[in-house]
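Colleague: The following block contains the structure, expressed as structure tokens.
We did not get these values from a lab; they are worked out from the coordinates using the rules stated. Just so you know, these numbers come straight off a predicted model, no measurement behind them. We place every Cβ from the backbone using ideal geometry, glycine too, and count neighbours over all the protein chains shown.
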Amino acid sequence: MDSPLTSREAPTHTAGIVVVAGGQALVRAARRSVLARAGLEVAADVADASRAAKAAELYAAGLVLVDSEISGGCILAIRRIAERAPGTAVLVVAAELDKEALIAAVRAGAHGFVAETLGASGLVRAVEVALTGDSVIPRAGVGTLIDQLRGTTPEQTSVDGVELQLTRREGDVMSRRRDGMTTKEIAYELDLSDVTVRRHLSSVARKARQARPLTLTLESTS
């Protein structure tokens with residue numbers, strides 16, 4: 001059963017508030033329980049795309065965890081949330097990584113994509129990362145996204161006709177990520193800290209999200 005959406009006043013401090021949307025009632029309850037046990041505040045769990053957007057706006061949620069099979073459609077849910085609560089991050093959760101679904105989700109505006117195979121701890125970590133504003137993409141899907149970003153030189157990338165400017169260091173990091181290197185491996189090879197590598201990946205993600213009409217996000221953690 002859906003959580004009530006009757007409150008007329010959004011909480012004043014909501015950066016860490018989460019809404020769970022889509023999936024069977026037992027699945028939503030399980031996800032809500034996992035997040036709550038990790039100390040995250042779950043304001044509501046709802047069944048469909050329309051209610052997901054309403055809940056995001058009502059609670060000024062920091063993040064909506066959207067099931068890939070949500071009633072009404074995952075892409076519609078992402079777009080409606082972006083329209084009604086533009087400051088809310090969207091993290092899509094699916095039974096397994098589907099690269100086409102991943103691309104469609106990030107184009108619609110999702111900040112990340114997480115597979116259920118990561119388990120409870122993986123889900124919690126993904127939500128925590130997304131709440132900080134970073135992007136969450138499975139390592140197996142990074143290459144797919146980078147293929148969309150790559151251009152003729154590391155500093156300039158064309159994304160559906162939109163030019164994306166990268167710094168030389170961002171290009172260095174991206175090319176190595178494309179080769180399947182982990183954050184630690186990239187940091188070692190480029191003589192950077194792990195934090196700096198993550199910062200470069202997050203910077204590229206922000207640039208990509210701003211390059212309309214295609215919205216892309218990149219994994220910032222390994």
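Colleague: Would you kindly calculate the translational diffusion coefficient of the stretch 63-113, applying Stokes-Einstein with the Kirkwood radius from alpha carbon pairs, for 20 °C and a viscosity of 1.002 mPa s, and quote it in µm² s⁻¹ without decimals?
Modeller: So the translational diffusion coefficient is about 203 µm²/s.
Colleague: Highest first, please rank the peptides 131-137, 99-105 by the mean number of other Cβ atoms sitting within 10 Å of their residues. Let's see the in-between values first.
Modeller: Details: 131-137: 21.0, 99-105: 18.0.
Going by the mean number of other Cβ atoms within 10 Å, highest first, we get 131-137, 99-105.
Colleague: Using the Karplus curve 6.51 cos²θ - 1.76 cosθ + 1.60 with θ = phi - 60°, work out ³J(HN,Hα) for each residue of the stretch 197-207 in order, rounded to whole Hz, and write x for Gly and Pro.
Modeller: So the J values, rounded to whole Hz, are 4, 4, 5, 5, 5, 5, 4, 5, 4, 4, 4.
Colleague: Among 20-31, 74-85, how do they line up by average Cβ neighbours within 10 Å per residue, starting with the highest? Could you put the intermediate results ahead of the total?
Modeller: Numbers: 20-31: 19.4, 74-85: 21.5.
Result, highest mean Cβ count within 10 Å first: 74-85, 20-31.
Colleague: Extending each Cα 7 Å along its Cβ direction at SER121 and ALA140, get the distance between those two points in nm, one decimal.
Modeller: Using points 7 Å along Cα→Cβ, the separation is 2.0 nm.
Colleague: Still on this structure, please answer the following. Is the stretch 17-136 rounded, prolate or oblate when judged by the Cα gyration tensor, a ≥ b ≥ c being the square roots of its eigenvalues, rounded requiring a/c under 1.5 and prolate requiring a/b larger than b/c? Spell out each step's value before the answer.
Modeller: Numbers: a/c = 1.23, a/b = 1.06, b/c = 1.16.
Verdict is rounded for the stretch 17-136.
Colleague: List every residue whose amide H lies under 5 Å from the amide H of VAL64, counting only residues 5 or more places away in sequence or on a different chain, with H placed 1.01 Å from N in the peptide plane.
Modeller: Close amide H contacts, sequence-distant or interchain: VAL19, ALA89, VAL90, LEU91.
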